[in-house]
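Data first, discussion second: the structure below is written as structure tokens.
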Amino acid sequence: MIQYSWLIPLLPLFGFILLGLGGKKLSKGLAGIIGCGSVLAAFALSVGVFMQLHEGDKHIVKMFDWIVAGDLHLDLSFIIDPLTSIFLLIITGVGFLIHVYSTGYMKEDEGFNRFFTYLNLFVFFMLLLVMGSNYVVMFVGWEGVGLCSYLLIGFWFKNTEYNKAANKAFIMNRIGDLGFLLGIILLFVTFGSLSFEDGGIFDKASSLARDNKGVMEAVGILLFIGACGKSAQIPLFTWLPDAMAGPTPVSALIHAATMVTAGIYMIARSQVLYSFAPMALEIVAVIGLLTALFAATIGLLQNDIKKVLAYSTVSQLGFMFLALGVGATTGAVFHVTTHAFFKALLFLGAGSVIHAMSGEQDIRRMGGLAKKIPITHITFLIGTMAIAGIPFLSGFFSKDEILAYTYERSQVYWIAGVLGSMLTAFYMFRLYFLTFRGKFRGTHEQEHHLHESPASMTIPLVILAILAVGAGYIGIPGFVLHDSHWLHHYLGYREIITLSHEKEWIIMGIAIVAGLSAIALAWTVFGKNKTVPADDEKGFNSVQKLVYNKYYVDEIYDKLIRKPLDFISDIGYRVVELQIVDGVVNGIGTGVKWIGSVARYVQSGSVGFYVLAMVLSVIVIAMVKLW
Amino acid sequence: MITALLIGLPLLAGLLALFVKGEGAKKVALGAALLELVLSFAVLYLFKKDPQNEQLFINTPWIQHFGIHFHLQLSGIGLCLVLLTTVLTPLIIISSYSREIKNPSLFYSLVLFMQMALVGVFLAHDGFLFYIFWELALIPIWFICLMWGESKNNSKITFKFFIYTLFGSLFMLAGLIYLYYHSPERNWSWENLQAGGMSLPEAKQGLVFWAMFLAFAVKMPVFPFHTWQPDTYTSSPTTGTMLLSGIMLKMGTFGLLFWLMPMVPLGIAKWGSTAIGLSVVGIVYASCMAIVQKDLKRLIAYSSIAHIGLIAAGILAFNAQGLQGAVMQMLAHGINVVGLFLIVDIISRQTGTREIAKLGGIRNVNPRFAMLYLIVLLGAVALPLTNGFVGEFLLISGVYKFNAWMSAFAGLTIILGAVYMLRSYQGVMLGETNNVTASFGALKTNETIVLFVVAALIIGLGVYPKPLMDLIGPDVQELLNSVKPAVTP
């Protein structure tokens, strides 16, 4: 099966080509079948690969020579190892469910076929990203998913605001990409390889790392800049909330479950390099932690159902980077997996809510939906419980693992981490209570139209809900059940936790209590007292205003970067370009013309001047010869 | 012999076109350009089989008193650029097919003469012959821009272009003559000039470097010698703009790569970083200029300066990645810029304006055009798996080997390029349709053909660049080896 693994990305590519060529001539039904079918086939193959793959295996499947220049030799080839295999399952599995969901969600949209075209292209690039057997092929997928993200955020391209959001996403990602690219080049220039094969970059870097400490740190930081762009970390996170302009399945697939976790994949893949870059790793941990807290606080006051989930994603990604930073690579991948399930579930649930509400996204206009859309309600509640860390659901185990490793590294980080998970539990249950409990606050017309979504949408919800409950069992910690952490064995990272079992139990207990008390608080405020957030910011104190306006980060970037760039460019054009650079040239021209006018009788128009020039050059020849 | 045919065919066809009245000239031109395309692929076939094939050389004494030979020789790099010329020329002619052109006989014969001179530049192996072709290329394009131009200030603008580049090339001539007089054998062959250049002391090499660099810098153009370019590109007829930007500016980069870099290695060791500095500043400078342009054609003109700045920097870094990236990017840029200028031409013909602010919503009325535009745009912003990426990645790597900070600065192009390209795409294509763009109709057949070929080349060469890289690689290595004795003391 593994030798056919190159088919995994090719199948969605094939789907993309069929859909692209067919365009509007294809019926929606056929387009849906092609779109879903290609991803389902890729999923089947991924399962096959997964079954055949043993712990510690690494297979390289070569396609062809791609770029060869001097000592640089890049193949287009694929790597199949446990890390890739986990990501393959997530991408094709969750991807397939979201494709199915989309056949229902996008049913009425005139761009239905186009939507699946882009979606298949996205899956292709995402698979390339996690299957590339060197950094440059990874970069191909990396930029490719950025393109698809751009296309899908701006999917409804008549809306200027959506287009702006799409541009912003692409450009901010490109800032990160430059860092990534320079990191790749620095690796190549220093170690002469970029390949993940045995004897490739990781082996070379390991043997030479001691003499290149500075380089290793620089590489670590540069790669992380790339990760910050793609995975929406401080300071490059502001594109992700705006990216909610895209259709909701896109938010679920690209901006929650898969693409935004590419940064975590990249750093997990580069784990060997980071093991020689302690400073860079510390930066990863700190930025991750700060982002987790920062985004979580913004989530407290957001009223758009998708925006809450978007900030929650930013925050959860922050936790994953924290995990990477404190050396819990397995924990990070674990959380990627569980997050893929519960966050995809939450976004798809939000999509179902938005459909039921005839397009409404403001949770202040919702309420009491529990009875009207029961399947959506139950599954959404499960997702909320999973992300909030309710014991024995998937999010509980992955978050606990991260917090345990964090505790071992630094108790300050750990306290901040626990605070972050409390905030998460609070804003998620705030969201839940405002949406599903209490009285309906929308218009009559909306109430009249309330309906549960069709089976094509609810079945994926149910499957994802089951996964959100059960996925934690791939990583039950060793102190709970001896020798049980399957994922740990499968991925094979050497991570040893030195905490005593009592400490681990205590850490887990504190996290449970903290989470439950946050939920209780949310219930008191929004469940029992039925508080509804105010319609405007008039009643807010200054801290609330600051948070409500997302700390004005967008405004600051606008004033600090975009406006100055435009201003400098404009002044540069009108003054430097037109007056100075061109002015000097024209000045010389005028001077020459003046001399020319003295010798006017020699010259009769421009062609004459050319002849003159030729004559002059012959004179130069003669002079040089004499000299 | 067959190489001489590559030059002879467009020359004869150009003469023929002069005497064919009306629409016939167009057909002659297209026929000749397609024949030339076939011929160039035959040459490619022969070259692949045996680069030393005698058919591929011609070397006969021409002006014996001055040691000038009619010496044409194929190199891998030269062949790539010949192919660029022979692929783009028919595309350029096809894209002009649906336009009303006054005096087509003269117009198309000038296009063919231009092709002749361009092929000559890329094949010449004799310094003086190179110079002759170099100047010969200027005359037809100047007439095209002057007589078929689209602006009121046309004569002023084209005069500036003409004088500026001519002024530059005189310095190149002086440099070549200087090399000639210091060469061991008193002839103009490339090897002999190189021997002459390498024997010079550092200071003299530096002088030659600046003299010739000036010529190439004006031609490409590199900041701050670029101010003729935006005006000329904007006011020229689209055919002229395509010839200028797609092919002719590669004379400058090719000259730098082939006729200057290997000649004066010590001069470059001394001054290279200054010249790279200029190129790199030019990248960011031109990108910023592109951001504020309101005219789409002018925006693309500035983006071209930014791209060329990176190519120049890669050549000046003079290592395997830089050189190979430069050649790849010359080809990619040529293809992409022809696509972009055709897109501008289509838009301005259909709507009567090129002003971004007045346009918008074209995608609603012509989604296929929007898709083709997007593919060309992705090539221009160097998305992986498009032709632009291979070159840009290698160029940034090449510059990195020279100096990390310079490459980081040059790398800003991948951010700024996305800024001006996406903003303009949004302004022109996305959003609601307005009364300017509502009437935007279907593409003409010839336009569709050209855009599809361009799009296919963008993706094809991005996914599988190997055939070209195989052609360029050995040549680059040879160039690098040829200067090794001079650089390593």
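Structural remarks
- Count Lys and Arg as plus one, Asp and Glu as minus one, and take only other residues whose Cβ is under 15 Å from that of A:Phe321; the net charge is then +2.
- Charge tally in the Cβ shell below 13 Å around A:Asn167, where Lys, Arg are +1 and Asp, Glu are -1, A:Asn167 excluded: +3
- Average beta carbon contacts from partner chains per residue of B:174-182, 10 Å cutoff: 2
- Chain A: angle of helix A:28-52 to the longest principal axis, Cα-based, in degrees nearest 10: 80 degrees
- Multiplying the residue separation of A:Arg365 and A:Ile459 by 0.36 nm and removing their Cα-Cα distance gives an extension gain of 31.2 nm.
- Under the simplified labelling scheme, the A:Asn586-B:Glu191 pair shows an inter-label distance of 5.1 nm, with each label point 7 Å from Cα along Cα→Cβ.
- Size of the range B:2-487 from its Cα atoms: along the principal axes, largest to smallest, the extents are 69, 55, 45 Å.
- Label-to-label distance, B:Asp470 versus A:Gln3, with points set 7 angstrom from Cα along the beta-carbon direction: 2.5 nm.
- For the range A:306-548, alpha-carbon Rg relative to the globular expectation (2.2 N^0.38 Å, N residues): 1.06
- Neighbour counts of C-beta atoms inside 10 Å place A:His54, A:His355 in the sequence A:His54, A:His355, starting with the fewest.
- Computed on the range A:222-290, the Cα convex hull volume stands at 74 Å³ per residue.
- Per principal axis, descending, Cα span of the range A:87-223 in whole Å: 61, 32, 16
- Across the range B:2-487, the mean sequence separation of Cα contacts (distance under 8 Å, 6 or more residues apart), normalised by length, yields a relative contact order of 15 percent.
- In the protein assembly as shown, one over the average inverse separation of all distinct C-alpha pairs is 31.3 Å, which is the Kirkwood hydrodynamic radius.
- Calculated P(r) tail over 32 Å for chain A, as whole % of Cα pairs: 51 percent
- For the pair A:Ile17 and A:Leu381, a Förster radius of 51 Å applied to the C-beta separation gives a FRET efficiency near 0.80, rounded to the nearest 0.05.
- Cα long-axis angle, helix B:2-19 against chain B (0 to 90 degrees, to the nearest 10): 50 degrees
- Each of the peptides B:471-482, A:88-99, A:302-313 was scored by the mean count of other Cβ atoms within 10 Å over its residues; in descending order, highest first, they stand as A:88-99, A:302-313, B:471-482.
- Stretching B:Arg349 away from B:Ile139 to a fully extended chain increases their span by 72.8 nm, per 0.36 nm per residue minus the current alpha-carbon distance.
- Legend: mean number of C-beta atoms from other chains within 10 angstrom of residue C-beta atoms, peptide A:560-572, equals 3.
- Shielding value for A:63-76 is 6, the average number of Cβ atoms from other chains within 10 Å of each residue's Cβ.
- A Förster distance of 30 Å, applied to the separation of the beta-carbon atoms of B:Phe19 and B:Tyr45, puts the FRET efficiency at 0.35.
- Trypsin sites (Lys or Arg not before Pro) within the range A:500-555: DSSP coil, no more than 13 neighbouring Cβ in 10 Å: A:Lys530, A:Lys538
- The simple Förster model, with R0 at 35 Å and r as the Cβ-Cβ distance, assigns A:Thr524 and A:His444 a FRET efficiency of 0.70.
- For the peptides B:356-366, A:74-84, A:120-130, residues were scored by their other Cβ atoms within 10 Å and the scores averaged per peptide; the highest-first order is A:120-130, A:74-84, B:356-366.
- In this simple spin-label approximation, A:Asp554 and A:Phe567 carry label points 7 Å from Cα along the Cα→Cβ vector, and these lie 2.1 nm apart.
- Checking the cross-link pairs B:Lys160/B:Lys219; A:Lys58/A:Lys213; B:Lys297/B:Lys358; B:Lys27/B:Lys102; A:Lys593/B:Lys219; A:Lys62/B:Lys466 against a 18 Å limit on the alpha carbon distance flags A:Lys58/A:Lys213; A:Lys593/B:Lys219 as lying beyond it.
- The listed peptides B:229-240, A:469-480, ordered by packing as a protection proxy, come out as B:229-240, A:469-480 (highest mean of other Cβ atoms within 10 Å first).
- In degrees, nearest ten, helix A:7-22 long axis to first principal axis of chain A (Cα): 70 degrees
- Estimated translational D of the range B:58-124 in µm²/s (Stokes, Kirkwood radius over Cα pairs; 37 °C; 0.692 mPa s): 237 µm²/s
Values in this text are rule-based calculations from the coordinates and carry no lab data. Worth saying up front: this structure is predicted, and the values here are computed from it rather than measured. Here the Cβ is made from the backbone with ideal geometry for all residues, glycine too, and neighbour counts use every protein chain on show.
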